[in-house]
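The values are calculated or read from the model by the stated rules, or taken from the named source; none is laboratory data. Note that the structure is predicted; figures quoted are calculated from it, not measured. Don't worry about glycine lacking a Cβ; one is built from the backbone with ideal geometry, like all the others, and counts go over all protein chains shown. Surface accessibility is based on the protein's heavy atoms, side chains included, excluding ligands, DNA and RNA. Shrake-Rupley method; radii C 1.70, N 1.55, O 1.52, S 1.80 Å.
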Amino acid sequence: MDQRGTANESRPAAAASRGKPTLAIVSPIKNELPNLPALLETVRTQTRPVSLWVLVDDQSDDGSSEYLRANAAKLDNVTKVVLVRTEGLPSGYELGAKYARVVDRGFKAVREHEQPLGSRYDYIGILDADCFVAPDYYEKLLEKFSLLPRLGIASGYLYYKIGERLKLARTPRRWPRGGIRVWRRQCLEEAGYFVTKS
């Protein structure tokens, strides 16, 4: 495992200093170099600060890791950025179990970075490298969690860009979309995250 913390390692947690709930995001990366400028911009422009952003590079060979090391540290609204490289997973891309293993590696990195803090992140989300959310996305989701104490997992709607058009993904209305979902920590701990085929 090649794990490198980047960006603002000594800065105190911005969210904790304001008493706001903390948010950790996991982003699986596999040869996503063309998407990375937009991904960094979507996180940079969030109105809700991110406490921890774990980037899980699944053995990219297109320069994704190098790009992230050079640019992810420049995000002022992210307290800590960590780049983790997977080891021991089969090469290639698979939406089911392989993707889940990559995400699970990110969740393990979140737990590893909580231990020295002596506390846990309140919310944990997935942000796929090809998903770009509105600047107030996390702010609105966390407001919804605050208003609905029994809400355990949530996301916004997912649209696909086809040429210049946006097309709404065909999933049930109340179904959290995989690549942009956020869990309340308690829900994730109670329900678990299963490595299985989609």
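Each Cα pair under 8 Å and six or more residues apart adds its sequence gap; the mean of these over the residue count of segment 55-198 is a relative contact order of 26 percent. Residues in segment 145-150 carry Karplus couplings, in order, of 4, 5, 6, 10, x, 8 Hz; the curve used is 6.51 cos²θ - 1.76 cosθ + 1.60 with θ = phi - 60°, and Gly or Pro positions show x. Label positions at K108 and T47, each projected 7 Å from the Cα along the C-beta direction, are separated by 3.8 nm. Solvent-accessible area per residue in segment 104-152 equals 55 Å², computed with a 1.4 angstrom probe and all protein chains kept.
Classify segment 31-190 as rounded, prolate or oblate from the Cα gyration tensor: take a ≥ b ≥ c as the square roots of its eigenvalues, call it rounded if a/c is under 1.5, otherwise prolate when a/b beats b/c and oblate if not. In terms of gyration-tensor shape, rounded.
Within segment 24-113, antiparallel bridges make up roughly 0 percent of the DSSP beta bridges whose residues both belong there. Each residue of segment 76-87 is assigned a 3J(HN,Hα), and the resulting list reads 6, 9, 10, 5, 9, 10, 10, 10, 10, 10, 6, 9 Hz, derived from the Karplus form 6.51 cos²θ - 1.76 cosθ + 1.60 (θ = phi - 60°), x at Gly and Pro.
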